[in-house]
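Undergrad: Take a look at this one; I'll ask things after.
The values are calculated or read from the model by the stated rules, or taken from the named source; none is laboratory data. In this text the structure is predicted, and so the values were computed from the model without any measurement. Reconstructed Cβ throughout: ideal geometry from the backbone, glycine too, with neighbour counts over all protein chains shown.
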Amino acid sequence: MNGRPTQFTKAFIMTAAAISAVMMTSCASPRTSPKQVATSNPTVTYQYRNDDELIQASQRAITFCEPHQSLPQAKSYSTDSEGRKIVVFECIQNLQASRIDTSDTTLRYNYRTDQQLLELSRDAQVHCLKIGQPEMTSNIVVNADGSRSVTFQCNRR
């Protein structure tokens, strides 16, 4: 053996991380969840109501993209005729975290748009995988001034 992880090992880690993230999310907020409304390879579409559901949709998209050995990237956002929010994810290979260069397990950010929230979530998930702590939880807060903040926590199993 040459000491480098095999494709199988990488796929196993990604699968375990995605399943763990979905399980943690489903336990964290049992009263609401995003609704998958369409799927086609390599895209998946979710309907969501709030920021927590958007994070859950992102984590479910990770699970959807894993068999394609890729990570989700939000392709489009829209609102349907009944006012429901829609996000379409496309599975992208070799997607890298662009903003995180630290070994910290707790990451805090302010954000304004759904797109910013999804980019931060994806980058935090990639970061957690890189530092060997594949489970990730999130907490979203609306601040007194109306701004929104998210905290991601990387965890070991």
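Undergrad: Please specify each residue of region 60-70 satisfying the condition of being of a type in the set (A, V, I, L, M, F, W, C) and either on the phi > 0 side of the Ramachandran plot or crowded, with 24+ Cβ neighbours inside 10 Å (or both).
TA: Going through region 60-70, the residues of a type in the set (A, V, I, L, M, F, W, C) turn out to be 61-62, 64-65.
Result: A61, I62, C65.
Undergrad: With respect to A61, is the statement that it is part of a helix (DSSP H, G or I) and touching a strand residue (DSSP E or B) at 6+ places or on another chain (Cβ under 8 Å) true?
TA: Working: part of a helix (DSSP H, G or I): yes; touching a strand residue (DSSP E or B) at 6+ places or on another chain (Cβ under 8 Å): yes.
Considered against the rule, which asks whether it is part of a helix (DSSP H, G or I) and touching a strand residue (DSSP E or B) at 6+ places or on another chain (Cβ under 8 Å), A61 comes out as yes.
Undergrad: Assuming V87 fulfils every condition listed in (1) farther than 20 Å from P42 by Cα; (2) crowded, with 20+ Cβ neighbours inside 10 Å apart from one, which condition is it?
TA: (1)
Undergrad: Report every pair of residues separated by at least 6 positions or lying on different chains whose Cβ atoms are under 9 Å apart, first residue within region 142-153 and within 11 Å of N110 (Cβ to Cβ) and in contact (Cβ under 8 Å) with a residue 60 or more places away in the chain, second part of a loop (DSSP other than H, G, I, E, B) and of a type outside the set (S, T, Y).
TA: Note: pairs meeting the criteria are R148/R112.
Undergrad: While we're on this one: Consider S78 against the criteria (1) buried (at least 17 other Cβ atoms within 10 Å of the Cβ); (2) modelled with pLDDT of 85 or more; (3) polar (S, T, N, Q): it satisfies all of them except one. Which criterion is unmet?
TA: (1)
Undergrad: Is one or more of the residues making up region 27-37 modelled with pLDDT of 90 or more and either crowded, with 16+ Cβ neighbours inside 10 Å or not in a loop (DSSP other than H, G, I, E, B) (or both)? If you could, list the steps in order and put the result at the bottom.
TA: At the first step, the residues of region 27-37 found to be modelled with pLDDT of 90 or more are none.
For region 27-37, residues modelled with pLDDT of 90 or more and either crowded, with 16+ Cβ neighbours inside 10 Å or not in a loop (DSSP other than H, G, I, E, B) (or both): absent.
Undergrad: What pairs can you find where one residue is in region 71-95 and over 12 Å from R49 (Cβ atoms) and free of Cβ contacts under 8 Å to residues at least 12 places away in the same chain, the other is of a type in the set (F, W, Y) and surrounded by 14 or more Cβ atoms within 10 Å (Cβ to Cβ), and their Cβ atoms are less than 7 Å apart, with a gap of 6+ or different chains?
TA: none
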